[in-house]
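Where a number appears in this text, it was derived from the coordinates with a stated rule and is not lab data. Just so you know, these numbers come straight off a predicted model, no measurement behind them. Cβ atoms come from the backbone with ideal geometry, glycine included; neighbour counts cover every protein chain shown.
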Amino acid sequence: MLAVDINPNAVREAVDNAETNGLGGRVAGIGSNLLSAVAPQPLFDVIISSPPSFAGEPRDVADRAGAAGPGYRDIAGLFVQARERLRPGGRMYVLFSSDSDLHRLGALISEAGFAARLVGERSIVLETFILYELRPQLG
């Protein structure tokens, strides 16, 4: 398993949490802007992502967890990168907020050649978390 994040503190925490939960040595962490540090070849059966959900300029690297730049600039390449790294039959699961521009994110997903299917929603009073399964479209 591979934990990827632009924030080195988040990478360290992911690896530490894996260790704490009995998965020590099974999770490697790398600092990377999206999947750019991972070779574009079919490596993964499943990619799970919770990218920044809000369009807006991040103030610092920690703020990039929520702010994806104007027009989702900072995550625009995520879905193309993910598709290039999925094995045949692979899928991606992506979590968004109901406060996201779901229309814009849906366009990015479609442009990357994915078909999206809603697989879950969970309300936390002020917003709802929305989970989609993305599968590469054929042809």
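Distance between the pseudo-spin-label points of residue 87 and residue 73 (7 Å out from Cα toward the beta carbon): 3.8 nm. Note: relative contact order over the chain, using C-alpha pairs below 8 Å and six or more positions apart, is 20 percent. Between residue 118 and residue 32, the modelled labels are 3.1 nm apart [label points 7 Å from Cα along Cα→Cβ]. According to the Cα-based calculation, Rg over Rh for region 44-136 is 0.96, with Rh computed by the Kirkwood formula.
Computing FRET efficiency as 1/(1 + (r/R0)^6) for residue 41 and residue 61, where r is the C-beta to C-beta distance and R0 is 25 Å, gives about 0.35. Comparing Cα centroids, region 2-79 and region 116-139 end up 18 angstrom apart.
Placing unit charges on each Cβ (+1 for Lys and Arg, -1 for Asp and Glu) gives the chain a dipole about its Cα centre, and among 124, 72, 37 the Cα reaching farthest toward its positive end belongs to 37. In the calculated pair-distance distribution of region 1-93, the portion above 22 angstrom amounts to 31 percent of the Cα-Cα pairs. The HN-Hα couplings worked out from phi for region 109-123 by the Karplus form 6.51 cos²θ - 1.76 cosθ + 1.60 (θ = phi - 60°) are 5, 5, 4, 7, x, 9, 9, 10, 9, 5, 10, x, 9, 9, 7 Hz, whole numbers, x standing for Gly and Pro. Here the 3J(HN,Hα) profile of region 26-34, calculated from phi with Karplus coefficients 6.51, -1.76 and 1.60 at θ = phi - 60°, is 9, 10, 9, x, 9, x, 7, 7, 6 Hz, Gly and Pro shown as x.
So how strong a dipole does region 56-139 carry about its Cα centre when Lys and Arg Cβ are +1 and Asp and Glu Cβ are -1, to the nearest 20 debye?
It works out to roughly 440 debye.
When the label point is put 7 Å from the Cα of residue 133 along its Cα-to-beta-carbon vector, which residues of region 13-48 have a backbone N closer than 16 Å? Output list for this probe position: 45-48.
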